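What follows is a short report on a single structure.
The values are calculated or read from the model by the stated rules, or taken from the named source; none is laboratory data. The model shown is predicted, which means the values in this text are computed figures rather than measured ones. Reconstructed Cβ throughout: ideal geometry from the backbone, glycine too, with neighbour counts over all protein chains shown. Each accessible area value is taken on the protein alone, full model and side chains, heavy atoms only, with ligands, DNA and RNA left out. Shrake-Rupley method; radii C 1.70, N 1.55, O 1.52, S 1.80 Å.
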Amino acid sequence: MKNESCTAKSPIGVFDSGFGGLTILKEIRRVIPQYDYLYLGDNARAPYGSRSFDIVYRFTLEAVRYLFGQGCELVILACNTASAKALRSIQQNDLPKIDPNRRVLGVIRPTAECVGSMTTTGHIGIFATPGTVQSQSYDMEIGKLHHGLTTVGHACPMWVPLIENKESEGDGADYFVKKDIDQLLHHDGAIDTVILGCTHYPLLLPKIEKYMPEGVKIIAQGPIVAASLANYLERHSEMEQRLSLGGGCRYLTTESAEKFGDLASIFLGEAIHPEHIDL
């Protein structure tokens, strides 16, 4: 008799500490819309960026376990902080005990893989939250994949609050985006490629493009992660065959469902009907 967990059809779980992962989910659904998705935002405990490694790991593992309990066989950590501080421990220590047939994937490695072919000078800038910059996860991942590249991380602590307070199009956003770009390029004027290492940041892309010098490439994660996931499923038919093909999406949040729905519409460009859950 076959193991039931291996034959059951399941949605793809997508987790973020808050709203930013919606930019990843939106691109994934654009590229591979045929699958079912279950998004979970731990908004009640966000932001994760300033929390310790241990707390981020514990919170992320709780979310992954919850999504597994909802039938997800594959979970995407659509959160740079969770990918930086929790992914490796979950993959190496927890998955073998929980279920070695399930998978948890992050957003840092797919992004790091693409930069080698995009830079000419070999100098990469990384805009991210303080927690992601402090973890040096991008620096280490890029260093493993591409020898000889120079990486410079720059924390942008004001960018997420601007977005979540619906100020991404205001004058305050201009001030902080220009300030952070100037500081990054003052630190290393040879940078020709910049990674947006937080899933919120694509909402500031018009401002970033406005103040970024001509010729500097800007890497947003959504399209890269979506293409990487599509490729992963093509290469791993044993996982792809376990996924449900309804084209639907449910949204869960640990915060107020009404509040989540209001802000989520900024990221998705459409109204949704989220559900409140407790972790």
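Suppose we filter I195, I142 for residues that are at pLDDT 95 or above, open to solvent by less than 40 Å² (accessible area, probe 1.4 Å), of a type in the set (A, V, I, L, M) and not in a helix (DSSP H, G or I); which single one remains? Can you show your working first?
Numbers: I142 fails: not in a helix (DSSP H, G or I).
Sole residue among the options that is at pLDDT 95 or above, open to solvent by less than 40 Å² (accessible area, probe 1.4 Å), of a type in the set (A, V, I, L, M) and not in a helix (DSSP H, G or I): I195.
Filter region 89-98 down to residues that are in contact (Cβ under 8 Å) with a residue 12 or more places away in the chain and out of contact with any helix residue (DSSP H, G or I) (no Cβ under 7 Å at 6 or more places or on another chain), then give me how many there are.
The initial filter retains those residues of region 89-98 that are in contact (Cβ under 8 Å) with a residue 12 or more places away in the chain, namely 89-91, 94, 98.
Remaining after also requiring out of contact with any helix residue (DSSP H, G or I) (no Cβ under 7 Å at 6 or more places or on another chain): 91.
Number of matching residues: 1.
Each row is one residue, and each column tells you yes or no for (1) open to solvent by less than 10 Å² (accessible area, probe 1.4 Å); (2) at pLDDT below 95.
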position	(1), (2)
C6	no, yes
G21	yes, no
L25	yes, no
I28	yes, no
D36	no, no
A44	no, no
Y48	yes, yes
L61	no, no
V64	yes, no
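Filter region 57-89 down to the residues that are part of a helix (DSSP H, G or I), over 14 Å from the mean Cα position of the chain (by Cα) and hydrophobic (A, V, I, L, M, F, W, C) and list them by number. Steps first, answer last, please.
Looking only at region 57-89, we keep the residues that are part of a helix (DSSP H, G or I), and these are 57-69, 80-85, 87-89.
Next, from what is left, pick out any that are over 14 Å from the mean Cα position of the chain (by Cα): 57-59, 61-69, 88-89.
Selection gives F59, L61, A63, V64, L67, F68.
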Show me the helices (runs of 4 or more DSSP H) found entirely inside region 216-279 where at least 3 residues are open to solvent by less than 50 Å² (accessible area, probe 1.4 Å) and without any contact (Cβ under 8 Å) to a residue 60 or more places away in the chain. 257-268
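Please count how many residues of region 120-143 are touching a Leu at 6+ places or on another chain (Cβ under 7 Å) and either of a type in the set (G, A, S) or closer than 21 Å to S52 by Cβ (or both). Talk me through it step by step, then tell me what you get.
Restricting attention to region 120-143, the residues satisfying the condition of being touching a Leu at 6+ places or on another chain (Cβ under 7 Å) are 122, 124-125, 127, 142.
Those left that are additionally either of a type in the set (G, A, S) or closer than 21 Å to S52 by Cβ (or both): 122, 125.
The number of residues fulfilling the criteria is 2.
Restricting attention to region 112-135, which residues are of a type in the set (S, T, N, Q) and within 13 Å of T81 (Cβ to Cβ)?
So the first thing to find is which residues in region 112-135 are of a type in the set (S, T, N, Q), and the list is 117, 119-121, 129, 132, 134-135.
Answer for region 112-135, where residues must be of a type in the set (S, T, N, Q) and within 13 Å of T81 (Cβ to Cβ): T129, T132, Q134, S135.
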Mind listing whichever residues of region 127-139 are open to solvent by 10 Å² or more (accessible area, probe 1.4 Å), over 22 Å from G189 (Cβ atoms) and either assigned to a helix (DSSP H, G or I) or acidic (D, E) (or both)? P130, Q134, S135, S137
Kindly indicate whether any position in region 173-186 is within 21 Å of I224 (Cβ to Cβ) and either without any contact (Cβ under 8 Å) to a residue 24 or more places away in the chain or open to solvent by 30 Å² or more (accessible area, probe 1.4 Å) (or both). no
Please determine whether any residue of region 151-163 is touching a strand residue (DSSP E or B) at 6+ places or on another chain (Cβ under 6 Å), touching a residue at least 24 places away in the same chain (Cβ under 8 Å), surrounded by 17 or more Cβ atoms within 10 Å (Cβ to Cβ) and hydroxyl-bearing (S, T, Y). yes
Report yes if some residue within region 164-178 is in contact with a Ser or Thr (Cβ under 6 Å, 6 or more places away or on another chain) and under 25 Å from D16 (Cα atoms); otherwise report no. no
Of the residues in region 50-59 that are more than 18 Å from I277 (Cβ to Cβ) and among the hydrophobic types (A, V, I, L, M, F, W, C), the one that is least open to solvent (accessible area, probe 1.4 Å) is V56
Tally up the residues in region 90-126 that are of a type in the set (S, T, N, Q), in a loop (DSSP other than H, G, I, E, B) and buried (at least 17 other Cβ atoms within 10 Å of the Cβ), please. 1
